[in-house]
Amino acid sequence: EDVAAVIKAWEGLSYDGPAGVWTMRACDHQVQMPFWYTEIVPKTKFFNHAFEAPAGMADAKSVEVPCAETGCKMK
């Protein structure tokens, strides 16, 4: 019932998520987590259709949006 208390409790909290450690950033209340990516590559002489290249993972810090750019107004 106390929304402000829940928000305060989550700020800075880290936990093991489905794709690594997730952290609730205090400055904008956005979860920071690793980002999985892949590239769709065109057909080749071995594959007669487009397919996914091997997946990669970027750490949360390398893909985060700076706090000042998220537009969060909550204090």
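Computed values, structure above
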read-out	value
Residue identified as assigned to a helix (DSSP H, G or I) and either in contact with a Cys (Cβ under 9 Å, 6 or more places away or on another chain) or loosely packed, with under 10 Cβ neighbours inside 10 Å (or both) among K45, K8, K61	K61
Residues (in a strand (DSSP E or B) and of a type in the set (S, T, Y)) located in region 11-42	S14, Y15, T23, Y37
Residue list for region 48-58, filter: part of a loop (DSSP other than H, G, I, E, B) and exposed (fewer than 10 other Cβ atoms within 10 Å of the Cβ)	N48, H49, P54, A55
Flag if W22 is of a type in the set (F, W, Y), in contact with a Phe, Trp or Tyr (Cβ under 7 Å, 6 or more places away or on another chain), modelled with pLDDT of 90 or more and surrounded by 11 or more Cβ atoms within 10 Å (Cβ to Cβ)	yes
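The values are calculated or read from the model by the stated rules, or taken from the named source; none is laboratory data. These numbers come from a predicted model, not from an experiment. Here Cβ is always computed from backbone atoms with ideal geometry, including for glycine, and neighbour counts include all displayed protein chains.
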